[in-house]
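Have a look at the structure below before the remarks.
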Amino acid sequence: MSKVIERFPAGGAIDVDDLLAALRNTPAGGPLTVGDDRVVEFLVAFARRLLRPAVARRYPELGSLGFFLRRAEINKLLARVADEPGQLRFPRGTVFHVPPANVDTIFVYSWALSALAGNANVVRISSRSAGAADAVLDALNDTLAEADEAVRQTQRMVTYGRDDVVTGALSAAADLRVIWGGDRSVNEIRRHPLAPHARDVTFPDRSSFTVLSSAGWLGADERERDAAALGLYNDSYWFDQAACSSPRTLYWVGDAADTEAARTDLLARLRAVLDGKRPEVDAAMAVEKRVATYGLAVDGTATAIRFDGNELATVELADPADIPRRWLGVGTFPQARVDTLAELAPLVVRRDQTVTHFGFKAEELVDFARTVAGRGVDRIVPIGDALSFAATWDGYDLMREFTRITSIIAR
Amino acid sequence: MTLFTLDQATREARLLPELVELTEHHRANSPEYARLLASLGHHPGRRYERIADLPWLPVRLFKHHVLKSITDDEVFKVLTSSGTTGDVSRIYLDKEAAGLQQKMLSATLSPVIGPRRLPMLLVDTRALFKDRRSFSARGAGVLGLMNFGRDHTFVLDENDRPDLEAVRAFLDKHGDQPFLIFGFTFMTWLYLYELARENKLDLSNGILIHSGGWKKLTDRAVDNDEFRRRFAEETGLRRIHNFYGMVEQIGLTFLEGTDGGGLYCPDFSDIIIRDPRTWEEVPVGTPGVVQVVSTLPRSYPGHLLLTEDQGVVHGVDDGVWPGKRFSILGRLPRAEARGCSDTFAEAA
């Protein structure tokens, strides 16, 4: 007998087979539909709780989540999967989500979109969950009191230890499996077979970088530059610069003189942000950063390393193409200069996810994307928006992934 | 003959030029090390007033990179460390370094164990050496020390159970003369101390050399003082020397003085405790991260290494031996190296 612990709706241990049997029962008010009112009302009430000042102040990332789930935003999401002449949208059925442990709110986005699509969901919550994730579970359980019984029956979040039987049972029962994980985890979870009609949506290891126009920086006003420094801080220091979308390398695009001036200015403003925010960088993390950056010098990737306290390390890359894609510890920024954005296109690989930008015109960014031609880079967003979740993620239009189409042609 | 003779001022004055010379030697012979120095702004010919100003390397670099100052042809031996995460340090020795390693270890220990090989009790199991594939750092540590004794007797049998008969036989034969005991700290406590206390064994002629740290004993509330007190009271064992060393520092053993008042540095070495916020040296009595300093490493650039251990200097030139008197307080927690989305491994 393989048990899981129910976190939402909060309960005790339950056998995985009993959990799956309950999911298969048709809810009293009829099966869930795409954009089902019972789910929409629940999500809107949940979002209101997240937007309460006490919650949003303590966990700013939950404020963003609450914003994402407001009624107006939900309507926009649903418009993407509205019925069309000759084409009806339905839920996929049962979706099994395996979220990451370190970015502790992503499971909510994954789940909420799938619920909105009308699916029954089982979300695996890390036993290491803490802080924001626990606040989310509390808010979900509090919201349940006013919710339709169908929500309680079809939406489940559970914790379990290393148990192949549970992972196997949940995988076999799924119509869609969503794996947010490193490459290794994706491969491990994939050992468990899906039903023939089912498939995976995977979010493997990714890395991200920033492009800044040197001339654009120097042409920006004080307010814009301060906002960009703060944006870079938020993009990088939340989640210890370990989120897939957190930028690592900073590419300056422009001539040497402009770049030198712009870079010095950005680093001074980032320093001011750090002096205000005082992020915690403990001794272990400080050593980690030394190991990572010194290693870049040893293997010839870096030509200069500078530490401005433990919170900020910059590394000059010997060659802009030699971009370090692995995690280097929080507040570690390799830097390089190129003459044009187009020079960066050849070094893009599939693993590259988000490009945050400052100081470019829209056409320049579109040209860059066309030059890259889909070989990598799924998002090009302003500096400061790296971590803002969107319904299109890693190149997937998630509302469409979470639904299926029945086409009707009447002669 | 003893290697614990230099007061702090003499030691620093003697070591500084040697360390500067070593830094230049490694710069000239290891392109990797030369690149690192250049990246950090330590250019040739820079003057250093104090040992603490010289550039140090985080010890974990040896786990991810080949760092050596000898040619491939000159490599005589490669030492590897244990690693809980699967990473191991690789330390490259030429013939000279390999010889020096054993010689300096011997010279360091001679003031406490004397010039002759003594009968030796090993608080470990012979099974440690049975399977070559699983030959561990623990095995290597035991093997390295075995050279200092004779008539080796293991305290544990092949199933890791205390072997009372073997220990009794050893003590019957050798217990009335000085004999050597070696073991990892926690094993010495869990197996030898318990066994000796329950069976009223007389260890009063023993000389115990032990290492490995106190982490596994903290839940038993056993620290160095308690360890020494209880061994003395219950078994008569009073000559106890803790030591501290690492594979990345060949031939260097920081040894506890006769009174248990702290660890000391052999004359060719020193220790610097750094503040993990500023990386400056901290005053006596302030805990920090341990940097080890040694003039022995010539075949690899390991003469100035930042460890991942925390320690504290209790005093300078105020103990049974001259120089810094210090303790190791435990390991730094390891920052988790992460992939970006890191699905919790237990799900897999």
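Derivation of every value follows stated rules applied to the coordinates shown; laboratory data play no part. Given the structure is predicted, the values throughout are model-derived calculations rather than measurements. Note that each Cβ is placed from the backbone with ideal geometry, even for glycine, and that neighbours are counted across all protein chains shown.
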Within the under-13-Å Cβ sphere about B:L100, not counting B:L100, Lys/Arg +1 and Asp/Glu -1 give a net charge of +2
Under a Cβ-only charge scheme (Lys and Arg +1, Asp and Glu -1), can you give me the dipole magnitude of the range B:1-74 about the Cα centre, in debye to the nearest 20? 300
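Just tell me how shielded A:198-204 is by partners: mean number of partner chain Cβ atoms within 10 Å of each residue's Cβ, no decimals.
Details: counts 0, 0, 0, 0, 1, 3, 4.
That average works out to 1.
What does DSSP give for the range A:207-392 in terms of the percent of beta bridges that are antiparallel, rounded to the nearest 5? Intermediate results must be reported in sequence, preceding the final value.
Details: 6 of 28 bridges.
Bridges in the range A:207-392 that DSSP calls antiparallel: roughly 20 percent.
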Where does the longest stretch of chain B lie that holds no trypsin sites (Lys or Arg not before Pro) found in a DSSP loop with 10 or fewer other Cβ atoms within 10 Å? B:201-348
Could you work out the Rg to Rh ratio of the protein assembly as shown, with Rh taken as the Kirkwood radius (inverse of the mean 1/r over all Cα pairs)? 1.04
With a cut-off of at most 11 other beta carbons within 10 Å, and DSSP calling the residue loop, which trypsin sites (Lys or Arg not before Pro) in the range A:163-264 qualify? Please list them. A:R191
Which of A:W238, A:S213, A:V273 sits closest to the plus end of the dipole of the range A:207-392, meaning its Cα is farthest towards the positive end, when Lys and Arg get +1 and Asp and Glu get -1 on the C-beta? A:W238
Would you please give the residues with an amide H less than 5 Å from that of B:G315, counting only those at least 5 places away or on a separate chain, with H modeled from the backbone geometry? B:R325
Loop-only GluC sites (Glu not before Pro) in the range B:143-246, please: DSSP not H, G, I, E or B, and at most 13 other Cβ atoms within 10 Å. B:E158
Which listed residue (A:V165, A:A256, A:L312) has the Cα farthest towards the positive end of the charge dipole for the protein assembly as shown, taking +1 on Lys and Arg C-beta and -1 on Asp and Glu C-beta about the Cα centre? A:V165
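To the nearest whole number, what is the average tally of beta carbon atoms from other chains within 10 Å of the beta carbons of peptide A:279-289?
Values: counts 0, 0, 3, 5, 11, 9, 6, 7, 11, 8, 2.
Counting Cβ atoms of other protein chains within 10 Å of each residue's Cβ and averaging gives 6.
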Which GluC sites (Glu not before Pro) does the range A:1-65 hold that lie in a coil by DSSP with at most 10 other beta carbons within 10 Å? none
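Sum up the charges of everything whose Cβ sits under 9 Å from the Cβ of A:T403, counting Lys and Arg as +1 and Asp and Glu as -1, but leave A:T403 out. Present the calculation step by step, with values, prior to reporting the outcome.
On the way: positive: A:R89, A:R92, A:R400, A:R404; negative: A:E401.
Local charge sum for A:T403: +3.
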Considering Cα pairs under 8 angstrom that are at least six residues apart, work out the relative contact order of the range B:104-244 and quote it in whole percent. 23
Output the antiparallel fraction of DSSP beta bridges having both residues in the protein assembly as shown, as a percent to the nearest 5. 45
Proximal lysines to B:K95, defined as alpha-carbon separation beneath 19 angstrom and excluding residues fewer than eight positions away on the same chain: B:K68, B:K77, B:K103
What number does the range A:276-401 give for Rg over Rh if you use C-alpha atoms and the Kirkwood radius? 1.00
When Lys and Arg each count +1 and Asp and Glu each count -1, what net charge do the other residues less than 12 Å away from A:D255, Cβ to Cβ, add up to? -2
Given the candidates A:A227, A:A10, A:L77, the one whose Cα lies deepest towards the positive end of the charge dipole of chain A, counting +1 at each Lys or Arg C-beta and -1 at each Asp or Glu C-beta, is A:A10
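If a/c stays under 1.5 just call it rounded; otherwise compare a/b with b/c (prolate if a/b is bigger, oblate if not). Do that for the range B:104-244, with a ≥ b ≥ c from the square roots of the Cα gyration tensor eigenvalues. Present the calculation step by step, with values, prior to reporting the outcome.
Numbers: a/c = 1.15, a/b = 1.08, b/c = 1.07.
Because its axes are fairly even, with a/c under 1.5, the range B:104-244 counts as rounded.
Of all DSSP beta bridges located in chain B, what percent are antiparallel, nearest 5? Don't jump to the answer; show the numbers that get you there.
On the way: 30 of 51 bridges.
Around 60 percent antiparallel, to the nearest 5.
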